Protein chains: 2
Amino acid sequence: MALLARSRRLRRTPFSEGVEAAGVGAYSVYNHMLLPAYFESLESDYAHLKKNVQVWDVAVERQVELRGPDANKLMQTLTPRDLRGMLPGQCFYLPVVDETGGMLNDPVAVKLSEDHYWISIADSDLLLWVKGIANAYRMEVLVEEPDVHPLAIQGPRSDELAARVFGESVRNLRFFRFGSFNFEGHDVIVARSGYSKQGGFEIYVEGWDLGMPIWNALFEAGKDLNVRAGCPNAIERIEGGLLSYGNDMTRENTPHECGLGKFCNTQTAIGCIGRDALLRVAKDGPIRQIRPIEIDEKVPTCDRAWPIMSKDQTIGSLTSAAWSPDFECTVAIGMVRMTHWEAGSELLIKTPEGPVLGTVKDSFWT
Amino acid sequence: MALLARSRRLRRTPFSEGVEAAGVGAYSVYNHMLLPAYFESLESDYAHLKKNVQVWDVAVERQVELRGPDANKLMQTLTPRDLRGMLPGQCFYLPVVDETGGMLNDPVAVKLSEDHYWISIADSDLLLWVKGIANAYRMEVLVEEPDVHPLAIQGPRSDELAARVFGESVRNLRFFRFGSFNFEGHDVIVARSGYSKQGGFEIYVEGWDLGMPIWNALFEAGKDLNVRAGCPNAIERIEGGLLSYGNDMTRENTPHECGLGKFCNTQTAIGCIGRDALLRVAKDGPIRQIRPIEIDEKVPTCDRAWPIMSKDQTIGSLTSAAWSPDFECTVAIGMVRMTHWEAGSELLIKTPEGPVLGTVKDSFWT
């Protein structure tokens, strides 16, 4: 594995001190910031995550803050999801698209109040798109990256750990809802959400200096729960069908290709910049789509899109893959043309170390 | 040094195969793409660069392409530099600013023709800002990331190497001019430019598949010139005062704070989005500015902004530092308040391993 050269440009987070002390094994870089990739090993972190509870430094989920009378209008400009029913206290997963319907990001928006949102972003500088739009349309809204740093609690023992630090009432939070909870005199936003299928919370830590106190409180409170430092786990997220922007989708793809059609209410999402293009796609449907793909054997690290072939024709590309200890196969995600996307279709995948056979599955592994 | 976990999201380049074969020592990540950080070591690469010639994979300088009748108008919207005098065949270094005059990027723009530009960007998704502006203003211009991948030739023997591959006439290129040259039947844009002070060229390789043939041709032609794979060198670029977006400046800073006032013709740059804010700054001048700072001793890797103190007051921050074998001191770049920015001012710099003393220099080290 290659080394990562450090510089200020690859930003540290409020939790980096804790991450280093916990013995991070490798980093990725995400939104110009350090994202742990594993601690002990992918496999060992994975096994622990599924049975216990972990604390994740996901400060790389940078926030784009909208505040002002035009915040609602600007939000609807960004996405084909109809936001009229969104209430303060809710989190919405959103495709954000450009004028051609190409995916710019797939964030979770947090509605703090009628004129105040945080958009918790995937790996692209969405701030620049939102600022550009807001400025050119002269909208009455402030657009900034606030001093907010998400920290996740994930795993089956998340409720127990969160309750010990934020109080019993945190257990009552419904999925993709948030509330304000007390931590040592500070009001802290906690949402039931996170980038795993094991359940848990995301804490929106407001203020850099509050980072390590919350980190330390969670580890102190969770000793007997076998709490560990963790991070989004490549195996678990593929099993669960959690897509990764930049890996499984790019600006080349529409939400429909990414299987996000259920988040597109394109008819009624009036104001969405990509609406014209997506009305067309919504009518005809996509000609390629993301699929779970199962491979019997182990494969190399998927560090580039691997062509998926049928005879001499390229009919897709595979973009994420990892060996699953639980399912005893390689779990993978790929974009496949409609001629080959039915469950059971057999695919030939060209890895840098030679071709392997895969099969389209009818659902992800959870 | 930490490990870097690989994934498709951290994009490979057309030259990655060559970079790996040459034994890259560590990577950084830049514009969601792999950027070599050193090969043998920072010091050994540095010594070689100053005496010989190197080939650099700088495909991370992604291009934002503008094409169409409103390309000129859109370009001027982006920057306070007056572009009316820019001719096809020229490269311009440009501050790109938001509506508050904050730096969004410091690219080199390449004017291919009256309605066609490539903007060769630093580390932020400038494409999203430019697309947002162009779309909201309904400008008649296409904005895309084209299939173009810069490869640099840098070092004192650059002319000799470039001439062997692209023909003798490449020697006649003036600084920040480009021309079209023949490579095995392809027209290739070559500019006299690059991110070092050792002279050289940047080749705008059009088409992924042309990458390795040009890479290989350069190494074949340069055997007796002691050509090596290299990359932007942290020591050499600090000595030469080449700023790094994300390290030495961010959206927090105006061009004037970055010492880029000479690239601001704010009075006449009509249309520039940050003009109103920068007219104010141009009038009063900045209250802090980038300075070369010399430190006698060695310091740790500068992976975060280090506070610069005077008594108990923070009067700046230091953002890049490296030990210079040639100047036998630590060469550094920092942002310093006007009360302490005069040459000769003594500064106390708080590194994570303790305080060190530095001195403001009147110029960089070349």
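The values are calculated or read from the model by the stated rules, or taken from the named source; none is laboratory data. Here the structure is a predicted model, which is why all the values come from computation and not from measurement. No Cβ is skipped: glycine too gets one built from the backbone with ideal geometry, and neighbour counts run over all protein chains shown. Quick note on the areas: whole protein, heavy atoms, side chains included, nothing else; ligands and nucleic acids left out. Shrake-Rupley method; radii C 1.70, N 1.55, O 1.52, S 1.80 Å.
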- prompt: So which lysines pass the test for B:Lys223, namely a Cα distance under 16 Å, with those fewer than 8 places away in the same chain ruled out?
  reply: B:Lys51
message: Below 8 Å, C-alpha to C-alpha, sequence gap of six or more: please give me the relative contact order for the stretch B:1-135 in percent.
response: 20 percent
field: Charged-residue dipole, Cβ positions (Lys, Arg, Asp, Glu), the stretch B:140-197 about Cα centre, Debye nearest 20
entry: 560 debye
query: For the protein assembly as shown, what class follows from the C-alpha gyration tensor (a ≥ b ≥ c being the square roots of its eigenvalues): rounded when a/c is under 1.5, otherwise prolate if a/b is larger than b/c, else oblate?
result: rounded
field: Residues listed by number, the stretch A:223-242, amide nitrogen under 15 Å from A:Glu40 label point at 7 Å toward C-beta
entry: A:225-231
- request: Measure out, as a whole number of angstrom, how far apart the alpha-carbon centroids of the stretch B:270-313 and the stretch A:282-296 sit.
  value: 49 Å
task: Could you work out which residue, out of B:Pro255, B:Pro146, B:Pro292, moves most in a Gaussian network model of chain B, that is, has the largest mean-square fluctuation with Cα springs under 10 Å?
output: B:Pro146
field: CD proxy at 222 nm, helix term only [per DSSP H run n ≥ 4: -39500 (n - 2.57); per residue of chain A; nearest 500]
entry: -5500 deg cm²/dmol
message: For B:Met249, what residues show an amide H to amide H distance below 5 Å, using hydrogens built from the backbone and excluding near sequence neighbours?
response: B:Ser244
- line: The distance between the Cα centres of the stretch A:314-361 and the stretch B:347-363, in whole Å, is 54 Å
task: Pop out a list of residues from the stretch B:288-306 that are at least 10 Å² less accessible with all the protein chains around than in their chain alone; 1.4 Å probe, no ligands or nucleic acids counted.
output: B:Thr301, B:Cys302, B:Asp303, B:Arg304, B:Ala305
Whether chain B is rounded, prolate or oblate, judged on the alpha carbon gyration tensor where a/c under 1.5 counts as rounded: oblate
message: Can you compute 3J(HN,Hα) from phi for each residue in the stretch B:29-36, using the Karplus curve 6.51 cos²θ - 1.76 cosθ + 1.60 with θ = phi - 60°, rounded to whole Hz and x for Gly and Pro?
response: 10, 8, 6, 6, 9, 7, 10, x
field: Under 9 Å, Cβ to Cβ, from A:Arg67 - net charge with Lys/Arg +1 and Asp/Glu -1
entry: -3
field: Local electrostatic count, B:Ser169, Cβ distance below 15 Å [Lys/Arg +1, Asp/Glu -1]
entry: +1
FRET efficiency estimate (nearest 0.05) - Cβ-Cβ, B:Asp276 to A:Ala21, R0 35 angstrom: 0.15
query: Tally Lys/Arg at +1 and Asp/Glu at -1 over every other residue whose Cβ is under 11 Å from the Cβ of B:Gly23; what's the total?
result: -1
- request: Under 18 Å Cα to Cα from B:Lys262, which lysines show up? Leave out anything in the same chain fewer than 8 places away.
  value: B:Lys283
query: Taking chain B as a Gaussian network, where each spring joins two C-alpha atoms under 10 Å apart, which residue of B:Gln54, B:Gln63, B:Gln289 fluctuates the most?
result: B:Gln289
statement: Here the residues of the stretch A:76-92 lying in the modelled label zone of A:Gln267, meaning backbone nitrogen under 15 Å from a point 7 Å along Cα-to-Cβ, are A:81-82
- prompt: Amide H of A:Leu4: which non-local residues (sequence gap of 5 or more, or other chain) have their own amide H closer than 5 Å, using H built in the peptide plane?
  reply: B:Ala2, B:Leu3, B:Leu4, B:Tyr27
task: With label points built 7 Å along Cα→Cβ from the Cα atoms of A:Lys51 and B:Arg138, find their separation and express it in nm.
output: 6.3 nm
query: What is the Cα centroid distance between the stretch A:158-222 and the stretch A:2-48, reported in whole angstrom?
result: 21 Å
message: Relative contact order for chain B: what percent, with Cα pairs under 8 Å and sequence separation of 6 or more?
response: 18 percent
Estimated vicinal HN-Hα couplings, Hz - the stretch B:309-323 in sequence order (Karplus 6.51, -1.76, 1.60; Gly, Pro = x): 10, 9, 6, 9, 9, 7, 10, x, 8, 9, 10, 9, 7, 7, 6
